[in-house]
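> This is the structure I have questions about; it appears just below.
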Amino acid sequence: FSGIYGFDDRAPYPARFACFVAYARPGLLVMTHPGLVDDVLRGADPVTTAREAELRFLASAELPGLLASRGVRVTRLRDALSDG
């Protein structure tokens, strides 16, 4: 399990994500919280800037190369659980 951080901006999210998958093994689960922030979310949740940074990275052209370099693939949790 990986992806835990304080939702701060001490490091850019792409660098954090690279650390999350640096030593990926079969079954690794990386938690993310991507989202588009609006006034409703701002009123309900203090984690807004981090959500937008995660979404930008996960939708970027940078992600596929990073995943490929670590031998990681994206899948739905239900599909990963049914693989075993």
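The values are calculated or read from the model by the stated rules, or taken from the named source; none is laboratory data. On a predicted model such as this, the values are computed, not experimentally measured, just so you know. Cβ atoms come from the backbone with ideal geometry, glycine included; neighbour counts cover every protein chain shown. All accessible areas refer to the heavy atoms of the entire protein, side chains included, with ligands and DNA or RNA removed. Shrake-Rupley method; radii C 1.70, N 1.55, O 1.52, S 1.80 Å.
> Pick out, in residue order, every one of the trypsin sites (Lys or Arg not before Pro) in the chain that is DSSP loop and has at most 12 other C-beta atoms within 10 Å; say none if there are none.
R10, R73, R76
> May I pose another question? Length gain on complete extension for the stretch V30 to D45, per 0.36 nm per residue less the alpha carbon to alpha carbon distance?
Gain on extension, V30 to D45, equals 3.3 nm.
> Amide H to amide H, which residues 5 or more places from S2 or on other chains are under 5 Å from it, using H placed in the peptide plane?
The list, which skips near neighbours in sequence, is L29, V30, M31.
> Still on this structure: With the calculation restricted to Cα positions, what are the radius of gyration and Dmax of the chain in angstrom?
13.8, 41
> Give me the accessible area per residue for the chain, probe 1.4 Å, as a whole number in Å².
On the way: 5970 Å² over 84 residues.
I get 71 Å² per residue for this part.
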